[in-house]
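To start, the structure under review is shown below, and the notes come after it.
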Amino acid sequence: MQSLQNQTVLVTGVTGEVGWGLAHAARDAGARLVLPVRREEQVAALEAEFGEGALVRAVGFTDEATLQGLRDEAVARFGRLNHVFAPLGAWWAKGASLEQSPDEFRALQDVYVEAPWQLLRAMAPALRDSTGSFTFITGAGGEAPFIPRSGLLVAAVAAQIALARTLRHELVREPFRVNEVRISARLERQPRPGVVPSREAGETFLSLVTSDARGTLFRYGPDRALVASAER
């Protein structure tokens, strides 16, 4: 795994599977970590897990001011922000779409669509300064025609994929690189048959920080290969 010494890496979703693997892989490679979480009560446990060098803060992912505050604190503390990896969202299976409330619909859109958009808007000035990278982490479930009890999830992830595709193309001439990793494998923290260990996947995804790829969609499946893909 390449060294990330003197690099500052922001990883979302660290309480989940993908973000946890990315954060541990980045720490093992020597990166300085910025770990935004949703709830204040998560902060102390993550500081203990990742060490006092990690910057762990509770933020509102759809709150522009708190995200900008995190960016400014990260730059003040570490000198710059080099790379952002954005796995946002968790599995959702709550039933038929028309049986859900408008609040549930809006909550899914907030997590899967507005949150990554707000995150990229907030971090873009720092990434321009560092000529770094922003990587969307999306799920192939957004390409599924139907998943029982998860219709709103499919719709939300499909919208997230559309957002990632749009911004990959719109920002292709920016000083920083915007790419997307779309996962079709099951990732878990502990190795077992039929799943990919999160930390192994994280090490693979971190290879993008030294890649020249720009505006590119990569697919990651059960074969554990990260492959540049034609648009879909």
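Taken together, the values in this text are just the output of simple stated rules run on the coordinates, not laboratory data. The model shown is predicted, which means the values in this text are computed figures rather than measured ones. Note that we place each Cβ from the backbone using ideal geometry, even for glycine, and neighbour counts take in every protein chain shown.
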Report ³J(HN,Hα) in whole Hz for each residue of the stretch 169-185, in order, from the Karplus equation J = 6.51 cos²θ - 1.76 cosθ + 1.60 where θ = phi - 60°; Gly and Pro get x.
7, 5, 9, 5, 9, 5, x, 9, 9, 10, 10, 9, 10, 10, 9, 10, 9
Can you tell me which of VAL11, VAL195, VAL111 moves the most in a GNM of the chain? Springs connect C-alpha atoms under 10 Å apart.
VAL195
If amide hydrogens are placed 1.01 Å from N in the peptide plane, which non-local residues have theirs closer than 5 Å to the one on ARG182?
THR138, PHE218, ARG219, TYR220
In whole Hz and in residue order, list the ³J(HN,Hα) couplings for the stretch 215-220 that follow from phi through the Karplus curve 6.51 cos²θ - 1.76 cosθ + 1.60, θ = phi - 60°; x for Gly and Pro.
x, 9, 8, 10, 10, 9
Per residue of the stretch 49-63, what does 6.51 cos²θ - 1.76 cosθ + 1.60 with θ = phi - 60° give for ³J(HN,Hα)? Whole Hz please, x for Gly and Pro, Karplus curve as stated.
6, 9, x, 5, x, 7, 9, 10, 9, 7, 9, x, 5, 10, 10
Per GNM of the chain with C-alpha springs under 10 angstrom, the most fluctuating residue out of VAL172, VAL18, VAL113 is VAL172
Once the convex hull of the alpha carbons of the stretch 152-191 is built, what does its volume come to per residue, in cubic angstrom?
91
Among bridges DSSP assigns within the chain, what percent are antiparallel (round to 5)?
10
May I ask what percent, to the nearest 5, of DSSP beta bridges between residues of the stretch 150-232 are antiparallel?
40
Taking the Cβ of ALA58 as the centre, find all other residues whose Cβ is under 10 Å away and add up their charges (Lys, Arg: +1; Asp, Glu: -1).
+1
Two decimals, Cα atoms only, Kirkwood Rh: what is Rg/Rh over the stretch 8-229?
0.94
On C-alpha positions alone, give me the angle between the axis of helix 115-130 and the longest principal axis of the chain, in degrees, nearest 10.
30
Using Cα springs under 10 Å in a Gaussian network model of the chain, which residue among ARG77, ARG57, ARG182 shows the largest mean-square fluctuation?
ARG77
Could you work out the helix-only [θ] at 222 nm for the chain, with each DSSP H run of four or more residues adding -39,500 (n - 2.57) and the total divided by the number of residues, to the nearest 500 deg cm²/dmol?
-12000 deg cm²/dmol
Projected onto their principal axes, the Cα atoms of the stretch 139-232 stretch, largest extent first, over whole-Å spans of 40, 30, 19
